[in-house]
Amino acid sequence: MRLSAENLGLERGGRRLFAGLSFTASAGEALVVTGPNGAGKSSLLRAIAGFLPLGEGRVTFEGGELEECVHYLGHADALKSALTARENLDFWAALLGGTPGLVAPALARLGLPHVADFPVRALSAGQKRRVALARLLVAPRPLWLLDEPTTALDVGAQALFGDVMRAHLAQGGVILAATHAPLGLERAREIRLEGARQIAFGDMA
């Protein structure tokens, strides 16, 4: 299993965000995309997920069809406020080809068994985010594209999700995450976007 990007280039609104971007991530590896606002972090993830057209380059995933192997989690929680946490995850499990039997364990893994039958509109921002993150567990897929996944999470919830990410990597999954905050993935490699002419790579400190 391997995610490969070759000479990617992308423009938005007539402005070039990045060019000549190449990287790979194999099973068990995490790449963390950093950089200032407007550098193209979210756009990179959306392009890999197929939501934006790439101007240049190509993305391949060895291990299956990309669209069937990827989980994309964006800024929006993508939850229906009138449905309960359980009902939202039942919906996503059905849509993504997952297993309804994984809903309860997923909520428990994120520390939310007590809100399973609460309507999402009654939950705090952090609880809503954790319900959204539980979507990753009800329909297991090897490649996770995560855009600011720890938004609205308190320290305890960040630790819980850190455990979830590390378990995914230990099982051979791949993570590409855009973030401004540390994710607690000690062995992650960094892709720092600093404008079209400045792209830096390295290990996370």
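Every read-out reported here was derived from the displayed coordinates using simple, explicitly stated rules and does not represent laboratory data. Note that the structure is predicted; figures quoted are calculated from it, not measured. No Cβ is skipped: glycine too gets one built from the backbone with ideal geometry, and neighbour counts run over all protein chains shown.
Checking the stated criteria, residue 25 turns out not to satisfy the condition of being out of contact with any His (no Cβ under 7 Å at 6 or more places or on another chain), crowded, with 20+ Cβ neighbours inside 10 Å and over 28 Å from residue 186 (Cα atoms). Each residue in the range 168-183 was checked for being among the small types (Gly, Ala, Ser) and either assigned to a helix (DSSP H, G or I) or touching a strand residue (DSSP E or B) at 6+ places or on another chain (Cβ under 8 Å) (or both), and 4 pass.
For the range 131-167, filtered to residues that are of a type in the set (Gly, Ala, Ser) and in a helix (DSSP H, G or I), the residue that is farthest from residue 118 (Cα to Cα) is 167. Contact map, the range 140-165: first residue touching a residue at least 12 places away in the same chain (Cβ under 8 Å), second residue assigned to a strand (DSSP E or B) and among the small types (Gly, Ala, Ser), Cβ cut-off under 7 Å, separation 6 or more or different chains; pairs are 146/177; 147/178; 148/178; 149/177. Does the range 136-152 contain at least one residue that is over 15 Å from residue 71 (Cα atoms) and buried (at least 18 other Cβ atoms within 10 Å of the Cβ)? Yes, there is a match, as at least one residue in the range 136-152 is over 15 Å from residue 71 (Cα atoms) and buried (at least 18 other Cβ atoms within 10 Å of the Cβ).
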